[in-house]
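These notes concern the structure reproduced below.
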Amino acid sequence: MPEIAKPRPEFRNINAFTDLPTYRLPAAGWVSILHRVSGVLMFVLMPFIIWMFDTSISSEYSFARFRSVFNNGVGPLVPGWFVKLVALALIWAYLHHFIAGLRHLRMDVSHAAVTKESGAATAKATLAISIVLTVLLGAKLFGLY
């Protein structure tokens, strides 16, 4: 009886316009990408972070100027809500980067945590915790409580 030849796997280049929109990235992939994005965001906004720290602790006058920027903005071009939005982006970046970093440390220390199920669960927890904390701190930043 002749053997039936199995079809060989077909390897092809992906088309970014047709293949990528249909690809579903797992939660761990999103956490990994967002970990990099949050690190870049914190690095790029480092001058803003240094300005906030410097003006908030230098003197009472500089702290009043700091509060004024957050409440009223910087001249007519940069409104206060935009400054708060940038600060909220930094809050999310820090929280996500910190929590995802703890997730990575846990995976490095505990090899039992490196399973598909554990990776998916901790990735979902990382996303949920960082978003919930960002919403809570954002509500405080925008004066909702």
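Here are a few things to note about the model shown:
- Odd one out for Ile49 among (1) of a type in the set (Val, Ile, Thr); (2) over 18 Å from the mean Cα position of the chain (by Cα); (3) over 25 Å from Trp30 (Cα atoms): (2)
- Count of the stretch 118-143 residues which are at pLDDT 90 or above and more than 20 Å from Leu34 (Cβ to Cβ): 4
- Any hit, the stretch 11-34, residues being charged (D, E, K, R), within 29 Å of Gly101 (Cα to Cα) and assigned to a helix (DSSP H, G or I): no
- Residue satisfying condition, being loosely packed, with under 15 Cβ neighbours inside 10 Å, touching a residue at least 12 places away in the same chain (Cβ under 8 Å) and farther than 16 Å from Trp30 by Cα, within set Phe82, Phe142: Phe142
The values are calculated or read from the model by the stated rules, or taken from the named source; none is laboratory data. All values reported here derive from a predicted model rather than from experimental measurement. Cβ coordinates were reconstructed from backbone atoms using ideal geometry, including for glycine residues, and neighbour counts include every protein chain displayed.
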